[in-house]
Structures are given as structure tokens and as C-alpha cells.
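Quick notes on the structure that follows.
The values are calculated or read from the model by the stated rules, or taken from the named source; none is laboratory data. Source: prediction; values computed, not measured. Cβ placement follows ideal geometry from the backbone for every residue including glycine, while neighbour counts extend to all protein chains displayed. Accessible surface areas use protein heavy atoms only, side chains included; no ligands, DNA or RNA. Shrake-Rupley method; radii C 1.70, N 1.55, O 1.52, S 1.80 Å.
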Amino acid sequence: MRHWEQQSIGDLLQHLFMYDESDRIEVKTGSEIGKSILETVIAFANEPNLGGGYLILGIAENADSPSGYEVVGVDDPDKLKNDLTSQCRSSLNVAVQIHSWAETIDGKTVLAFYVAEADPNQKPVYRAASGLPKGAYRRGPSGDIRCVDQDLQELYRQKSATEFDTTIPVDAEMEDIDPDAVAIYRAERANANPNAEELGWDDDELLRSLSCARKVQGILKPTIAGILLFGKQSALRRLMPAVRVDYIRISGREWVEDPNHRFDTVDLRDSLFRLIRRSVAAVMDDLPKSFNLPTGELARKDRPVLPVDVVRESVVNALMHRNYQKHQPVQIIRYANRLEIRNPGHSLKPTEQLGEPGSVVRNPALAAVLHETHLAETKGSGIRVMRTLMEQAGLELPQFESDRHGDEFRATYLFHHFLSEQDVEWLGRFRHLNPTNEQSKALVYARETGSVSNSAYRDLNKVHFVEASHDLCQLRDLGVLESKGAGRGTYYVLSDKFTSRPRLPSLFDTLETTSPRSADSHGDMTSQPTKSGAEPLKLDTKPLKLDGTSDAMESIRSNCEEALGISADKSPRGDDVKRIILYLCGQQPFSAKQLAGILKKNPQYLAKEYLSAMVRVGELELMFPDAPKHPKQAYRAKRVYGGMD
């Protein structure tokens, strides 16, 4: 539990105004101590592992303010302090400790309270007059939420001195323990410390010493940790059916990009020592390999794009720290450009402290066994080791995101080297905006993973949350990023005009247009072009005026046909025309005249027979939807189509 530390009200407000997300800060107008204020006190006192929170009075929401808030001040801070202190002692089932202080901001008095997290033996805290569950609250993603039975069960469990992983599952027997799994532990322990005294004990004594078995009324029974570490396959399926690892392979960069081929998956279920090995092997066998010819060697030694130690450490962390009370598997998702590992159970350590000395474990019995066999560490160095290994490999540092309310932790590992030549080329489109190096990294990260959050930005650039918020908001205000969600759920995605994939090198190098004279019944052009100075087409957000030769146009169409597998024996028609249009407009907007020049079609025919219909069914969209006859009207695909990765 975190200790109380008085902070400047100005600093707390800056956190709130710029970051716009905080479990530990709540602001209210505070004209009087009413029901809402007391609910926040109860929520701060109840929320497990939050370490309490700060309640600030004298602040009102204001949608017209750049920060979304305004300072209104309080009239009688002494009366408010006395009223809240009194209610915290008399209106609740237990007395809740609070600290108060006041500051003058913009000439107005603002009052702050720190509400301490209650001792586990005192939880749940609730309003005495309302009783349970109606009078109990927890902190939620958008404020205070009333407790339900599941919340109360979690709070009551904190009263027990027994950790969850040392409890005994219903219907568990010692026959559920696999002797082969125990033998694996003995071998691992002997490898770590050949002189360990527990190696001389029999299996029952060994399991009891590891908190993997306990006596109940004189009968030895396995604990949750015992089943997880040493359980038979049948016992794991019977007692903990959702405890498994799902290895999922996605062919693209986004979840379920192709609805006709969602993903390939392998479900892994085994005792932990074997499960760790099988999970790491599944990932390493499937990872792309890079060519490597060591100096002085004649034979190549290809190496995976991610170091094996990074994968092993991440898998061990997920299985050691996951919340085993949630019926949800660990997911290892292999995208085309990254590896994501998601486990149920948020980090008990604040994300900004990940990698710093000290570890907070959710499953102490599991952690002790994995630590003693050198599979895991309990000193907080695992994250730092992974970051060091990724840096030594020339890869971007891994990103860690913890969602306390969703109770999930996610680790992301990008495969490519940051920043590659292709990244630098892609960033050229933002050159006129003068992004910083830190912002450039965030843009590439958003392109690769689909979004970037404040937490990811801080991990990428090792900056404070205020600087991260400022930089992301600046990119949003420039129209490069769009913000999604609200509060803690805020994240940023690339604006639609910047989401196109990098272009094929040969496709647009010499794009030029023709001057059509006539067309046949299919709109095919039969004229000779007029030649003028050629201007290469660059990836831009504005439709470009293009002039050039028919040879250049023919080359572009040929490249499209080759990329899409379309026969070049005759002029494209029907669905092939649509595929080429989608392919081109998936990279940048095109006018009807530009598309007609490439496809050798009459512009009016193309617009009537193809473009209008494709807009109507949602395959294309207009750059100027409110002005269909706009002189710079152009079309763009609503998603990137075929052959672009």
C-alpha cells in the first residue's frame, strides 16, 4: 500500500487537466459535503492496491475551457473540512483517515483531501445507514461505482491471511498431482542449487514446503499452486478449465482483418513448467528469422526477430502474475509485425515504476517456486532485462500497458528495427509539421499497432505523463492523430488521411495522365496522348494534377495488375476494374480523371458505372462529401486493399 504524500494541488490539477485520466484524483465543485463526496471517499478507501486517492473541491467541469475544467473555489474551507472529517468518523461503518490542505489558485481557495486506503481487515467500507451492498463503492473507469456481490467477495477475501494460490480447490485430491511434473521441478531445482535441502524430502513433504499442499482435518490436499505447478492434464481441465495459453496467429497487422480467415490458434494446457516450455517453443518456432552470417563462419545461423530470453521472460511473467481467479486464458498473439502477450490481471505495481527495483507479486507461492528454479525473478528486474535485451538487438523497447479496471496486462514487442529506412521514408509526409523525434516514434508505433496511448508514449520515449500528453494532443490538434475513448481509456489513432500503407516503390514513381478523345462501349480509350512534363505522384492528402505519357499510365496499370494477379492480355473490365480502383485509392485519393487515365476509360463512364456505385455501397468515400461537384473531388478507399503489406 502506498504511503500518503502531500502534493501540490496545482500539480494534481495539472495532472488532471493535461492527462485527463486518473483513478486517484477526483474533482468536485464542493459547495457542501453531500452524498457524492462521501461516495468518493468510500471508493478511495475500498479500492484494492490503489493506495487511496485525492479529492479536490472547488473545481467545476467546463466544456468551453481548453482543459475541460475551471477553478471556482470554495467559500468556507474550514467548514467543509470539519463536515467531511465528521462524516468520515460517524457516517461510515469504520472511521476513514483523511488529510486536508488548501491552496489559492487564480485568486480562489481550493481544498484538497487525501483519503487513505483502508486496512484489508476493515473492508468493505460502506455507508452505515445504507448497509451492504448499497452503501459500498469502488473506483471505476469513469468515477465511483456501487459494489455488487463480486466486488464484496473480493474485498472480503482481503481479510483472509491465506493467499488465493494457497487455497484448496473444491474436489482436489493428491491423486491429481503428476509425479512426472514433480520430477521436473526436482531437476530444475537441482540445476539451480544442487545442495537445496528440500531435494532430500519425499514428495508430500516437498509439496507442503512449497505451499502446494496443505492438511485439512488431517488429510493432505493440493492447493491452487500445487495443481498449477504439478497437476495432471485431467485435473487441470476439471478444476481450472480456463487456465491455458492460447497461441493465436494473425496474418495481418490488425485483429480479424479478414473475416473469411479469422486466425489460426493452438490451445496449450499443462502444468506450469511444461506449459512455459511449450509456449516459448510455439512462439520461437513461428517467429520470422533474419539472415545472419557470423564473422569467420561459413554456415549461416539465422536468428529470430525477437531474442528467446525476451519471449521466455514475458511468458513467465504472464503465467506468474496472472489473476487465476478470472476464467480467462493467457493470449499470445503473433501479428505480422509484432507479438502481443495478454494476461488477465493488471499490474499490482504502477506502470511508471515497471523496471524499477522491487516486485509486487499476486501469487506468492507460484512466484517463490519459479524464482527458486531461476525461471523468474522477484526483485523487479525482469522488465529491465527485457528492455535491455531488446535494445541490444537494435529493436524498439517493449511496451507495457496495465488496465486496472479491465484487469488485464498487455506486453507488445515490435519485430522491426526502429527507425528503419522505410519508417523514415514514411515519416517524410509529416515533415512540414516538424514533429519531434519522440512524436515520430509515436507515429510509427501507431501505424504498426493501430494506436498509441499515453502509457505507450511514455514507454517509447521515457518521458513524464505531462510531456506525453502535451505531445499527443499537439499531434491531435494538427490533425495527424484522432483521439478515441475518454478518461483512462483515451488512445490515439492515425487520422484517416494518414492510414494508407507505404507505397510500392515502382507503382507511383512516374505517374502521368493522358488526354482522351473517345471511348468504346466499355469506356476503353482509343486516343493518342499528349505529352507534357511528368510529375511523380507522391503520397499526399490532396488530389494532384497530373500530366504525362500513356507509357507511364500503362506501366502503373501493369504494376497494379501484376500485384493483384489480374491478366494483362486485355483491358481490365468488371470486377478487375474495381480491384484496381480500390488498390490505388487505398494508397491515396484519386480523381475520376486520374483513374480514367490509368485504366484507359472515359472519365464519365468510369464515374457512372463504377465510382458512384462504389461510394454508394461504402467501398469508396468522397474527399468532399458535402460538395459532390467540388473541382478537386477525389475518391479514397475506406480500407487498404490487397497486396499492400
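Can you tell me which residue in region 439-471 is nearest to Glu482 (Cα to Cα), limited to those that are among the basic types (Lys, Arg) and assigned to a helix (DSSP H, G or I)? It would help to see each step written out before you state the result.
We begin by selecting, within region 439-471, every residue among the basic types (Lys, Arg); these are 441, 447, 458, 462.
From the residues that got through so far, the ones that are assigned to a helix (DSSP H, G or I) too are 441, 447, 458.
On the way: Lys441: 16, Arg447: 13, Arg458: 18 Å.
Looking at residues that are among the basic types (Lys, Arg) and assigned to a helix (DSSP H, G or I), I get Arg447.
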task: Looking for whichever is at pLDDT below 80, surrounded by fewer than 19 Cβ atoms within 10 Å (Cβ to Cβ) and not in a helix (DSSP H, G or I) here; the options are Ser527, Ser483. Which one fits?
output: Ser527
field: Failed criterion for Tyr156 (all others in (1) open to solvent by less than 40 Å² (accessible area, probe 1.4 Å); (2) more than 20 Å from Met320 (Cβ to Cβ); (3) of a type in the set (Ser, Thr, Tyr) hold)
entry: (1)
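If only one of Leu443, Leu478, Leu433 is at pLDDT 80 or above, farther than 23 Å from Val311 by Cα, crowded, with 18+ Cβ neighbours inside 10 Å and of a type outside the set (Lys, Arg), which one is it?
When all the criteria are applied, what remains is Leu443.
Residues are listed down the side, and each one gets a yes or a no for (1) in a helix (DSSP H, G or I); (2) at pLDDT 85 or above; (3) under 29 Å from Ser495 (Cα atoms); (4) open to solvent by less than 20 Å² (accessible area, probe 1.4 Å):
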site: Lys545; (1), (2), (3), (4): no, no, yes, no
site: Met553; (1), (2), (3), (4): yes, no, no, yes
site: Ile566; (1), (2), (3), (4): no, no, no, yes
site: Pro572; (1), (2), (3), (4): no, no, no, yes
site: Lys578; (1), (2), (3), (4): yes, yes, yes, no
site: Leu582; (1), (2), (3), (4): yes, yes, yes, yes
site: Leu595; (1), (2), (3), (4): yes, yes, yes, yes
site: Gln604; (1), (2), (3), (4): yes, no, no, no
site: Leu611; (1), (2), (3), (4): yes, yes, yes, yes
query: Exactly one of (1) touching a residue at least 12 places away in the same chain (Cβ under 8 Å); (2) within 22 Å of Pro48 (Cα to Cα); (3) open to solvent by 70 Å² or more (accessible area, probe 1.4 Å) is unmet by Asp144. Its number?
result: (3)
- request: Would you check if Thr104 is more than 32 Å from the chain's Cα centre (by Cα), free of Cβ contacts under 8 Å to residues at least 12 places away in the same chain and not in a strand (DSSP E or B)?
  value: no
message: Regarding region 359-380, can at least one residue be identified that is in contact with a Pro (Cβ under 8 Å, 6 or more places away or on another chain), assigned to a loop (DSSP other than H, G, I, E, B), open to solvent by less than 10 Å² (accessible area, probe 1.4 Å) and at pLDDT 90 or above?
response: no
query: Can you name the strands (runs of 3 or more DSSP E) wholly within region 33-84 that have at least 1 residues being closer than 26 Å to Gly406 by Cα, open to solvent by less than 30 Å² (accessible area, probe 1.4 Å) and touching a residue at least 60 places away in the same chain (Cβ under 8 Å)?
result: 53-57
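So, in region 584-593, exactly how many residues are outside any helix (DSSP H, G or I), under 20 Å from Glu562 (Cβ atoms) and free of Cβ contacts under 8 Å to residues at least 60 places away in the same chain? Full working, then the answer.
Let us first name the residues in region 584-593 that are outside any helix (DSSP H, G or I), namely 586-591.
Still in the running and under 20 Å from Glu562 (Cβ atoms): 586-588, 590.
In the following step, the residues that additionally are free of Cβ contacts under 8 Å to residues at least 60 places away in the same chain were identified as 590.
Here the count works out to 1.
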- request: Tell me which of these Pro631 doesn't satisfy, since it passes every other one: (1) at pLDDT 75 or above; (2) surrounded by fewer than 17 Cβ atoms within 10 Å (Cβ to Cβ); (3) of a type outside the set (S, T, N, Q).
  value: (1)
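So which strands (runs of 3 or more DSSP E) stay within region 169-256 end to end and still have 1 or more residues that are surrounded by fewer than 14 Cβ atoms within 10 Å (Cβ to Cβ)? So that I can check it myself, show each step before the final result.
Numbers: elements: 213-216, 219-222, 245-249.
Hits in region 169-256: 213-216, 219-222.
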message: Tell me whether region 94-101 contains one or more residues that are surrounded by fewer than 17 Cβ atoms within 10 Å (Cβ to Cβ), in contact (Cβ under 8 Å) with a residue 40 or more places away in the chain and under 24 Å from Leu57 (Cα atoms).
response: yes
- prompt: Any residue in region 14-32 that is outside any helix (DSSP H, G or I) and without any contact (Cβ under 8 Å) to a residue 12 or more places away in the chain?
  reply: no
